[in-house]
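Step one of this worksheet: look at the structure below.
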Amino acid sequence: MPMEFINQNILLISLVVVSGLSLLWPAFARPSGNSVSPGAATQLINREDARIVDVRDAEEFAGGHLPDAINIPAGKLAERVAELEKFKDKPLIVCCAAGMRSSKACGELKKQGFEKLYNLAGGVDAWVGAGYPIKKAGKKK
């Protein structure tokens with residue numbers, strides 16, 4: 001009887017298994033770089049002159065970004081990493097919209113020899129949610 005149920009409902013069972021695994025994936029996925037909250041990122045900027053690297057696309061960046069952020073889209077990071085060489089001795093805070101692309105970018109930068117890497121937890125969304133300022137089209141908000 002149990003095998004008959006499984007055979008008749010294989011699609012449903014597969015959907016449940018895949019859904020469960022996708023929910024557990026973030027717990028097992030290991031982000032590269034140290035994760036920092038918006039408050040801790042502000043301290044790094046103020047105390048250690050940390051630089052911000054925003055790896056979102058140019059359109060997303062134009063819609064609002066952290067003050068003084070450098071925009072290098074994640075897909076172009078490998079070819080534009082030389083632009084960051086002068087900041088190799090400083091902490092780099094890498095951000096994106098929610099923290100996923102920036103985590104991958106931290107891994108790429110680590111391969112390039114950068115050591116003081118921080119991933120902005122929750123990305124620009126968390127920064128805005130915490131009430132910190134962003135810049136849009138050359139204006140502070």
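Values quoted throughout were computed directly from the atomic coordinates according to the rules given, and no laboratory measurement underlies them. Since we're looking at a predicted model, the values are computed, not measured. Heads up, the Cβs are rebuilt from the backbone with ideal geometry, glycines too, and the neighbour counts pull from every protein chain shown.
Return the total of residues in the stretch 48-101 being among the small types (G, A, S) and under 14 Å from N119 (Cα atoms).
If we filter the stretch 48-101 for residues that are among the small types (G, A, S), which is where we start, we get 50, 58, 62-64, 69, 74-75, 78, 82, 97-99.
Those still in the list that are under 14 Å from N119 (Cα atoms) too: 50, 69, 74, 97-99.
Count: 6.
With respect to G75, determine if the residue is in contact with a strand residue (DSSP E or B) (Cβ under 9 Å, 6 or more places away or on another chain) and under 25 Å from K136 (Cα atoms). Before you say what the answer is, go through the steps one by one.
On the way: in contact with a strand residue (DSSP E or B) (Cβ under 9 Å, 6 or more places away or on another chain): no; under 25 Å from K136 (Cα atoms): yes.
Taking the combined requirement at face value, the residue does not satisfy it.
Quick check, is R56 farther than 16 Å from V36 by Cβ and of a type in the set (D, E, K, R)? Considered against the rule, which asks whether it is farther than 16 Å from V36 by Cβ and of a type in the set (D, E, K, R), R56 comes out as yes.
Tell me which residues, restricted to the stretch 105-137, are buried (at least 18 other Cβ atoms within 10 Å of the Cβ) and closer than 16 Å to D57 by Cβ. A105, G123, V124, listed by residue number. Just to be sure I understand the filter: pairs with C-beta atoms under 7 Å, separated by 6 or more residues or on different chains, first member in the stretch 49-60 and more than 14 Å from C106 (Cβ to Cβ), second member of a type in the set (S, T, N, Q) and outside any helix (DSSP H, G or I). Which pairs pass? As it stands, the answer is A58/N71, since those pairs meet every condition given.
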